[in-house]
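Asker: Here it is, the structure in full.
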Amino acid sequence: MSSKMEESNPSFINEKAIIDVTQKKSLTFPTIMTSRKELPRYMAPDYINSVLDRMPSGVNKMLCLFLWKTGVRITEAISITKRDVNINEGIIRIRWLKSRKYVERLIPMHPSLKDVLSFYIAPLNLEDRLFPISRQRSYQISKQWFKCNPHRFRNSFAVNWLKNNGNLAILSQYLGHSSSKETSIYLKLVPADQSQELNMISF
């Protein structure tokens, strides 16, 4: 019956054929399928700051604030001691275990973090950890207040950096990535202003 209808009615549209063509031959189809699933999830600054304002003072709040304003990995954050923090120079030493070896890097502190951190670490001994909690506990804190895992702070930091016209190569070094290629995933979340680039071209 359906075959006769197709022959008698030239305007008849074979929906299955359209689906096959769209999925198998459309050049845009793969882009649609892969763009969203592979992109890292992040939080907007206003949302993060509003939740931080509601959190009571203490270790939990300081941890979330630290993750947001440094972009460090959670395993790096809970390993930092007072000795790793140089308030005078505004620098933090980050140690990360990679391939069974510790890799170190120095990152600067944002002025807003430096002021709060100086008061927070004042009563600590040099070998005391800033956040004496387990990785599992950090996940519980992040889930309770921000409905996500701690790594989303890292994504949020990176996206915020790029949205404020931060340099990609410097961001890569700051995050401790092995190359800028690893960091370039965030560019998909922060499209370049094409109009500005176009205006620089002469015709």
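Asker: Mind checking which residues of segment 163-186 are out of contact with any helix residue (DSSP H, G or I) (no Cβ under 6 Å at 6 or more places or on another chain) and in contact (Cβ under 8 Å) with a residue 24 or more places away in the chain?
Answerer: Lys163, Gln173, Tyr174, Leu175, Gly176, Ile185
Asker: Contact list please: Cβ distance under 6 Å, first residue in segment 92-121 and touching a residue at least 12 places away in the same chain (Cβ under 8 Å), second residue outside any strand (DSSP E or B) and among the basic types (Lys, Arg), pairs at least six apart or on different chains.
Answerer: Pairs that qualify, where the first residue is touching a residue at least 12 places away in the same chain (Cβ under 8 Å) and the partner is outside any strand (DSSP E or B) and among the basic types (Lys, Arg), are His110/Lys69; Leu113/Lys69; Ile121/Lys82.
Asker: Output the residue which, of all residues in segment 110-120 that are out of contact with any helix residue (DSSP H, G or I) (no Cβ under 8 Å at 6 or more places or on another chain) and either of a type outside the set (Lys, Arg) or at positive phi (or both), is surrounded by the most Cβ atoms within 10 Å (Cβ to Cβ).
Answerer: Within segment 110-120, the subset out of contact with any helix residue (DSSP H, G or I) (no Cβ under 8 Å at 6 or more places or on another chain) is 111, 114-115, 118-119.
Among the residues that remain, those that are also either of a type outside the set (Lys, Arg) or at positive phi (or both) are: 111, 115, 118-119.
Values: Pro111: 9, Asp115: 12, Ser118: 14, Phe119: 10.
Checking each candidate, the answer is Ser118.
Asker: Please enumerate the residues belonging to segment 44-68 that are over 20 Å from Arg135 (Cβ atoms) and either at pLDDT below 95 or touching a helix residue (DSSP H, G or I) at 6+ places or on another chain (Cβ under 9 Å) (or both).
Answerer: Ala44, Pro45, Tyr47, Ile48, Asn49, Val51, Leu52, Arg54
Asker: Can you go through Lys61, Lys82, Lys98 and tell me which one is closer than 22 Å to Trp161 by Cα and among the charged types (D, E, K, R)?
Answerer: Exactly one residue qualifies, and that residue is Lys61.
Asker: From Val190, Val159, grab the single residue that is of a type in the set (Val, Ile, Thr), assigned to a helix (DSSP H, G or I) and over 22 Å from Gly58 (Cα atoms).
Answerer: The conditions single out Val159.
Asker: Hey, among the residues in segment 121-147 that are surrounded by fewer than 20 Cβ atoms within 10 Å (Cβ to Cβ) and among the hydroxyl-bearing types (Ser, Thr, Tyr), which one's farthest from Tyr186 (Cα to Cα)?
Answerer: Residue satisfying both the conditions and the ranking: Ser134.
Asker: Of the numbered conditions (1) crowded, with 19+ Cβ neighbours inside 10 Å; (2) modelled with pLDDT under 95; (3) touching a Ser or Thr at 6+ places or on another chain (Cβ under 7 Å), Pro150 satisfies every one except a single condition; which is it?
Answerer: With (1) crowded, with 19+ Cβ neighbours inside 10 Å; (2) modelled with pLDDT under 95; (3) touching a Ser or Thr at 6+ places or on another chain (Cβ under 7 Å) applied to Pro150, the lone miss is (2).
The values are calculated or read from the model by the stated rules, or taken from the named source; none is laboratory data. What you are looking at is a predicted structure, and each value in this text was computed from that prediction instead of being measured. Cβ coordinates were reconstructed from backbone atoms using ideal geometry, including for glycine residues, and neighbour counts include every protein chain displayed.
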